[in-house]
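Enquirer: Take a look at this one; I'll ask things after.
The values are calculated or read from the model by the stated rules, or taken from the named source; none is laboratory data. None of these values were measured; they are calculated from a predicted model. As a convention, Cβ positions derive from the backbone with ideal geometry for all residues, glycine included, and neighbour counts pool all protein chains shown. Areas reflect the complete protein model, heavy atoms only, side chains present, ligands, DNA and RNA absent. Shrake-Rupley method; radii C 1.70, N 1.55, O 1.52, S 1.80 Å.
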Amino acid sequence: MNKEMIISTSGHETMAAILEDDEVVEIFVERDQSLGAAGNIYKGRVSKVLPGMQAAFVNLGLERDGFLYVADVIDPLASMDGIDADGDDDESESDDKSGEGTASADSGSGSGSGSGGGRGRGRGRGRDRNQSDLPIDKLLTAGQEIVVQVVKEPLGTKGARITSHVSIPGRFLVFMPTVDHIGVSRKIASREQRGRLRRIVRDFRTEHGMPGGVIIRTAAADRPEEDIISDLTYFHELWTATLQKGENKRAPVCIHREESLVAKLLRDLLTDDFSTIRIDDAGEYQKAVKLIERIMPDMVSRVHRYDKNFPIFEEYGVQAEIDKGLRSKVWLKSGGYIVINQTEALVAIDVNTGRYVGKRTGRLEDTIVKTNLEAVSEIVRQVRLRDLGGIIVLDFIDMEERKNRQAVYQAFEQQIRRDRSPSKAVQVTEFGLIITTRKRVKQSLERQLTEPCPYCSGSAVVKSTSTICFEILSELRKISSDLNGHRVQLRVNPDVARALKAEERGVLKEIERTLARQITLRPDPLLHHEQFDVMTVEKG
């Protein structure tokens, strides 16, 4: 598979796209005015402890308090015990991707992916020792200061999900300052390599008195010692500075901010699969070259500066895909289409044959199967492109034959493996549905690039003109006795005024009969479609 990374920086916004075989599959956005919080470390203040939920809310200085569950709180006594840094090789593997904010040892995950890998609560032995059986009100009290890390961006009306188990990803290692454990990715199979990498980390920690644990990522295999030392030095300096900042600042305050979007993407996603990295900004290009020279020097020749006047996203078809990614309907090449609807609770995706009617001599079942299989690839691409998360319900066209339903489900399972965000799928045979859950860490593309319509208040609908006319009639019936013979002026949206004079003139006559007088219609284009004003004018 040929992969490309396209990066566009303009003023206070950076956008990046990942292309696979010339198809846009992922979009990342970072703006100065709305920098993401995931990965940031805060010195917060506990604002409320909820024993009934075994959770606490922590003031981070953001718009909403962060949510801290009891399992993500470090037991101060347990953390003082210390853990053998030479833990058993087999038990200490830490490349689990299943948990929220799991610290992943694989280089293919991380904050840049939107999956939250490399942060939060890990699954190694070291983490278990720091867990506590104490209830939340025995661990935290209101007003207490606490160092936490954001593992999930604030989504909708929910505040950020946070943890005390800080985890900082590097290119080759993941640093976990709250434990004392060295883990190695299972994908590093060589015992010799595992021992060598573990020894480098152990020696550095001893020499520099460096606290905390380390997960050695897959990317560290066969890397020279200086690359591993570089990550360790970075962690040591960063954590020392972070703690010092935390001591000198009053809560709530951010004491460590995640790297820029481009740095995160190159750190977490860059592999030999990428044939090209194109960047349109000279400054960002120089930073990228410098970073790649350090982490993957063989890849430097694949970084190119785009210097045409024509926008880079237009040149490589990215902007068109972003525009499509903000629409609910997506057409398939065959003429079928899918409809994507995001709600607060879940995402619903419906498949339709549309203009595709199959071959003249073909069976209806064959037409349906072909549409469903084509929809599978597009659905997975759109899920990745739009960064949809949570519960996703896929409503495929009903198929009579069980083997066809199974073929569609297997095709979906195979395609979703290309997605780096953890997901699980279940087939509901009786209803022809596939329900999948996908890890959600940040807001979807739609919610990053759009806002609720101020006219319809985000409902995507407004009351019909006829409905407004009948509401006016109902309202005037209620207040008719208070008008005291005054003349009545009705101010409405021009569309409503037109309707009252045309197709709904019967309603207007009923209003005048109810009031026992004529009324004056006053169209006002500044008035919302659903609004109307009733004004009385004394007789002259």
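Enquirer: Taking the stated definitions as given, is residue 251 modelled with pLDDT under 95, over 30 Å from residue 445 (Cα atoms) and of a type outside the set (Asp, Glu)?
Expert: Working: modelled with pLDDT under 95: yes; over 30 Å from residue 445 (Cα atoms): yes; of a type outside the set (Asp, Glu): yes.
Yes: the conditions hold for residue 251.
Enquirer: Another question, then. Consider residue 423 carefully, then state whether it is small (Gly, Ala, Ser) and either free of Cβ contacts under 8 Å to residues at least 24 places away in the same chain or in contact with an Asp or Glu (Cβ under 7 Å, 6 or more places away or on another chain) (or both).
Expert: Numbers: small (Gly, Ala, Ser): yes; either free of Cβ contacts under 8 Å to residues at least 24 places away in the same chain or in contact with an Asp or Glu (Cβ under 7 Å, 6 or more places away or on another chain) (or both): yes.
Against the criterion (small (Gly, Ala, Ser) and either free of Cβ contacts under 8 Å to residues at least 24 places away in the same chain or in contact with an Asp or Glu (Cβ under 7 Å, 6 or more places away or on another chain) (or both)), residue 423 qualifies.
Enquirer: Can you name the residue in segment 443-461 that is small (Gly, Ala, Ser) and open to solvent by less than 60 Å² (accessible area, probe 1.4 Å) and, of all such residues, is farthest from residue 526 (Cα to Cα)?
Expert: Taking segment 443-461 and keeping what is small (Gly, Ala, Ser), we get 444, 457-460.
With the extra rule that they be open to solvent by less than 60 Å² (accessible area, probe 1.4 Å), the set shrinks to 444, 458.
Details: 444: 33, 458: 19 Å.
Looking at the filtered set, the residue picked out is 444.
Enquirer: Of 197, 243, which residue is in a helix (DSSP H, G or I), of a type in the set (A, V, I, L, M) and open to solvent by 30 Å² or more (accessible area, probe 1.4 Å)?
Expert: Working: 197 fails: open to solvent by 30 Å² or more (accessible area, probe 1.4 Å).
Testing whether each residue is in a helix (DSSP H, G or I), of a type in the set (A, V, I, L, M) and open to solvent by 30 Å² or more (accessible area, probe 1.4 Å) leaves just 243.
This table checks each residue for (1) part of a strand (DSSP E or B); (2) over 26 Å from the mean Cα position of the chain (by Cα).
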| position | (1), (2) |
| --- | --- |
| 394 | yes, no |
| 397 | no, yes |
| 403 | no, yes |
| 408 | no, yes |
| 412 | no, no |
| 415 | no, no |
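Enquirer: I would also like to ask the following. Looking only at segment 401-420, which residues are closer than 30 Å to residue 161 by Cα and in contact (Cβ under 8 Å) with a residue 12 or more places away in the chain? Lay out the reasoning, then the answer.
Expert: Of segment 401-420, the ones closer than 30 Å to residue 161 by Cα are 412-413, 415-420.
Selection gives 412, 413, 415, 416, 418, 419, 420.
Enquirer: I've got another one for you. Looking only at segment 429-442, decide whether some residue is touching a residue at least 12 places away in the same chain (Cβ under 8 Å) and on the phi > 0 side of the Ramachandran plot.
Expert: Checked against the condition, which is being touching a residue at least 12 places away in the same chain (Cβ under 8 Å) and on the phi > 0 side of the Ramachandran plot, segment 429-442 yields at least one hit.
Enquirer: In segment 17-31, is there at least one residue being free of Cβ contacts under 8 Å to residues at least 40 places away in the same chain and within 30 Å of residue 250 (Cβ to Cβ)?
Expert: Looking through segment 17-31, at least one residue is free of Cβ contacts under 8 Å to residues at least 40 places away in the same chain and within 30 Å of residue 250 (Cβ to Cβ).
Enquirer: Can you tell me how many residues within segment 496-531 are open to solvent by 80 Å² or more (accessible area, probe 1.4 Å) and closer than 25 Å to residue 461 by Cβ?
Expert: Counting residues in segment 496-531 that are open to solvent by 80 Å² or more (accessible area, probe 1.4 Å) and closer than 25 Å to residue 461 by Cβ gives 6.
Enquirer: Taking the residues in segment 331-362 that are open to solvent by 70 Å² or more (accessible area, probe 1.4 Å) and under 21 Å from residue 444 (Cβ atoms) as candidates, determine which candidate is modelled with the lowest pLDDT.
Expert: Keep residues of segment 331-362 that are open to solvent by 70 Å² or more (accessible area, probe 1.4 Å), which gives 331, 333, 341, 344-345, 355, 357, 359-361.
The next check asks that each one be under 21 Å from residue 444 (Cβ atoms); those that pass are 331, 341, 344-345.
Numbers: 331: 94, 341: 92, 344: 79, 345: 84.
Here the answer is 344.
Enquirer: Taking the residues in segment 462-473 that are open to solvent by 60 Å² or more (accessible area, probe 1.4 Å) and either under 16 Å from residue 512 (Cβ atoms) or touching a Cys at 6+ places or on another chain (Cβ under 9 Å) (or both) as candidates, determine which candidate is modelled with the lowest pLDDT.
Expert: Looking at residues that are open to solvent by 60 Å² or more (accessible area, probe 1.4 Å) and either under 16 Å from residue 512 (Cβ atoms) or touching a Cys at 6+ places or on another chain (Cβ under 9 Å) (or both), I get 462.
Enquirer: So, in segment 295-317, of the ones that are in contact with a Ser or Thr (Cβ under 7 Å, 6 or more places away or on another chain), part of a helix (DSSP H, G or I) and of a type outside the set (Phe, Trp, Tyr), which residue ends up least open to solvent (accessible area, probe 1.4 Å)?
Expert: 312
Enquirer: Quick test of your reading of the structure: residue 493 fulfils all but one of (1) surrounded by 11 or more Cβ atoms within 10 Å (Cβ to Cβ); (2) more than 41 Å from the chain's Cα centre (by Cα). Name the failing condition by number.
Expert: Checking residue 493 against (1) surrounded by 11 or more Cβ atoms within 10 Å (Cβ to Cβ); (2) more than 41 Å from the chain's Cα centre (by Cα), the one that fails is (2).
Enquirer: What about residue 536, is it outside any loop (DSSP other than H, G, I, E, B), at pLDDT 90 or above and of a type outside the set (Asp, Glu)? Lay out the reasoning, then the answer.
Expert: On the way: outside any loop (DSSP other than H, G, I, E, B): yes; at pLDDT 90 or above: no; of a type outside the set (Asp, Glu): yes.
No, not satisfied.
Enquirer: What do you reckon, is residue 16 buried (at least 18 other Cβ atoms within 10 Å of the Cβ), within 21 Å of residue 387 (Cα to Cα) and modelled with pLDDT of 95 or more?
Expert: Values: buried (at least 18 other Cβ atoms within 10 Å of the Cβ): yes; within 21 Å of residue 387 (Cα to Cα): yes; modelled with pLDDT of 95 or more: yes.
Here the answer is yes, as residue 16 does meet what is asked.
Enquirer: Can I ask one more? Here is a check on your reading of the model: is residue 424 open to solvent by 40 Å² or more (accessible area, probe 1.4 Å) and within 26 Å of residue 158 (Cβ to Cβ)? Give the derivation first.
Expert: Details: open to solvent by 40 Å² or more (accessible area, probe 1.4 Å): yes; within 26 Å of residue 158 (Cβ to Cβ): yes.
Considered against the rule, which asks whether it is open to solvent by 40 Å² or more (accessible area, probe 1.4 Å) and within 26 Å of residue 158 (Cβ to Cβ), residue 424 comes out as yes.
Enquirer: A further question follows. Taking segment 271-285 on its own, how many of its residues are part of a strand (DSSP E or B) and under 20 Å from residue 260 (Cβ atoms)? Give the derivation first.
Expert: Our first condition is that a residue be part of a strand (DSSP E or B); within segment 271-285, this holds for 274-279.
Now drop any that are not under 20 Å from residue 260 (Cβ atoms), which leaves 274, 277-279.
The total comes to 4.
Enquirer: Which of the numbered conditions does residue 440 fail, given that it passes all the others? Conditions: (1) in contact with a Lys or Arg (Cβ under 9 Å, 6 or more places away or on another chain); (2) at pLDDT 85 or above; (3) open to solvent by less than 70 Å² (accessible area, probe 1.4 Å); (4) not aliphatic (A, V, I, L, M).
Expert: Of the numbered conditions (1) in contact with a Lys or Arg (Cβ under 9 Å, 6 or more places away or on another chain); (2) at pLDDT 85 or above; (3) open to solvent by less than 70 Å² (accessible area, probe 1.4 Å); (4) not aliphatic (A, V, I, L, M), the odd one out for residue 440 is (2).
To keep it simple, each residue is scored yes or no on (1) within 30 Å of residue 281 (Cα to Cα); (2) more than 29 Å from the chain's Cα centre (by Cα); (3) assigned to a helix (DSSP H, G or I); (4) free of Cβ contacts under 8 Å to residues at least 60 places away in the same chain.
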{"residue": "319", "(1), (2), (3), (4)": "yes, no, yes, yes"}
{"residue": "355", "(1), (2), (3), (4)": "no, yes, no, yes"}
{"residue": "375", "(1), (2), (3), (4)": "no, no, yes, yes"}
{"residue": "384", "(1), (2), (3), (4)": "yes, no, yes, no"}
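Enquirer: Kindly indicate whether any position in segment 322-329 is without any contact (Cβ under 8 Å) to a residue 60 or more places away in the chain and either of a type outside the set (Lys, Arg) or farther than 27 Å from residue 391 by Cα (or both).
Expert: yes
Enquirer: Further question on the same structure: Just the residues that are of a type outside the set (D, E, K, R) and surrounded by fewer than 19 Cβ atoms within 10 Å (Cβ to Cβ), please, taken from segment 222-235. So that I can check it myself, show each step before the final result.
Expert: From segment 222-235, those of a type outside the set (D, E, K, R) are 224, 228-230, 232-235; that's our starting set.
Passing the criteria: 224, 229, 230, 233, 234.
Enquirer: Which of the residues spanning segment 33-88 are assigned to a helix (DSSP H, G or I), at pLDDT 90 or above and open to solvent by 50 Å² or more (accessible area, probe 1.4 Å)? Before the answer, list the steps.
Expert: Within segment 33-88, the subset assigned to a helix (DSSP H, G or I) is 33-34, 70-72, 76-79.
Checking which are at pLDDT 90 or above leaves us with 70-72.
Once the filter is applied, which keeps residues that are assigned to a helix (DSSP H, G or I), at pLDDT 90 or above and open to solvent by 50 Å² or more (accessible area, probe 1.4 Å), segment 33-88 yields nothing.
Enquirer: Here's a follow-up. Would you mention how many residues in segment 205-221 are under 22 Å from residue 191 (Cβ atoms), open to solvent by 10 Å² or more (accessible area, probe 1.4 Å) and not in a helix (DSSP H, G or I)?
Expert: The number of residues fulfilling the criteria is 1.
Enquirer: When residue 415 is evaluated against the numbered criteria (1) in contact with a Lys or Arg (Cβ under 9 Å, 6 or more places away or on another chain); (2) over 22 Å from residue 23 (Cβ atoms), which criterion, by number, is the only one it fails?
Expert: Looking at each condition in turn, residue 415 falls short on (2).
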